[in-house]
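Colleague: Take this structure, written in structure tokens, and hold onto it; I'll ask about it next.
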Amino acid sequence: MVNSRVIDGTDIVAVDFPGRLQDDELTELRDLAGFVAAEQGRANALVEYADADPGAVDARVVWQELRRLAEVEGLQRCAVVTDAALADALATSRGEEESASLEVFAAEQRDEALFWLRE
């Protein structure tokens, strides 16, 4: 089960999880982001993978899930924070696809991810 919440005083929906989102969890997260967007006029998402094993996570599937999340009406940006290995796997899965609304950050760049979400 994932832990999703709104960061106090912001429009940022944060979620922590160790692997792949289940459909019901993704729906719950999309609903929360949609609620925040409706209430505040916009929402942003911070997705953090805690100690994710890139060998145990299919980066292509995760990338597709993140793209589905980024399609929530009113969601402006989605920052993914994870360890360097999974960040590299996600970047590879992303390929040439450009997205102004979805960006991957290494774990040590969490502050930069939050700054990017608030721009």
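The values are calculated or read from the model by the stated rules, or taken from the named source; none is laboratory data. Predicted, not measured: the structure shown is a model, and the values here were computed from it. Cβ coordinates were reconstructed from backbone atoms using ideal geometry, including for glycine residues, and neighbour counts include every protein chain displayed.
Colleague: Test of understanding: among Ala59, Ala45, Ala89, Ala38, which residue is at pLDDT 75 or above, among the hydrophobic types (A, V, I, L, M, F, W, C) and either farther than 19 Å from Thr10 by Cβ or surrounded by fewer than 19 Cβ atoms within 10 Å (Cβ to Cβ) (or both)? It would help to see each step written out before you state the result.
Modeller: Numbers: Ala59 fails: at pLDDT 75 or above; Ala45 fails: either farther than 19 Å from Thr10 by Cβ or surrounded by fewer than 19 Cβ atoms within 10 Å (Cβ to Cβ) (or both); Ala89 fails: at pLDDT 75 or above.
Just one listed residue meets the conditions, Ala38.
Colleague: Within region 62-90, which residues are touching a helix residue (DSSP H, G or I) at 6+ places or on another chain (Cβ under 9 Å), over 14 Å from Phe105 (Cα atoms), outside any loop (DSSP other than H, G, I, E, B) and touching a residue at least 24 places away in the same chain (Cβ under 8 Å)?
Modeller: Val62, Glu65, Arg68, Leu69, Leu75, Gln76, listed by residue number.
Colleague: Across region 92-106, which residue is modelled with the lowest pLDDT among those that are part of a helix (DSSP H, G or I) and buried (at least 17 other Cβ atoms within 10 Å of the Cβ)?
Modeller: Taking region 92-106 and keeping what is part of a helix (DSSP H, G or I), we get 92-94.
Applying the additional criterion that residues be buried (at least 17 other Cβ atoms within 10 Å of the Cβ) yields 93-94.
Details: Ser93: 69, Arg94: 66.
Filtering region 92-106 for residues that are part of a helix (DSSP H, G or I) and buried (at least 17 other Cβ atoms within 10 Å of the Cβ), the one modelled with the lowest pLDDT comes out as Arg94.
Colleague: Further question on the same structure: Given the criteria part of a helix (DSSP H, G or I) and modelled with pLDDT of 75 or more, does Ala113 qualify?
Modeller: Details: part of a helix (DSSP H, G or I): yes; modelled with pLDDT of 75 or more: yes.
Considered against the rule, which asks whether it is part of a helix (DSSP H, G or I) and modelled with pLDDT of 75 or more, Ala113 comes out as yes.
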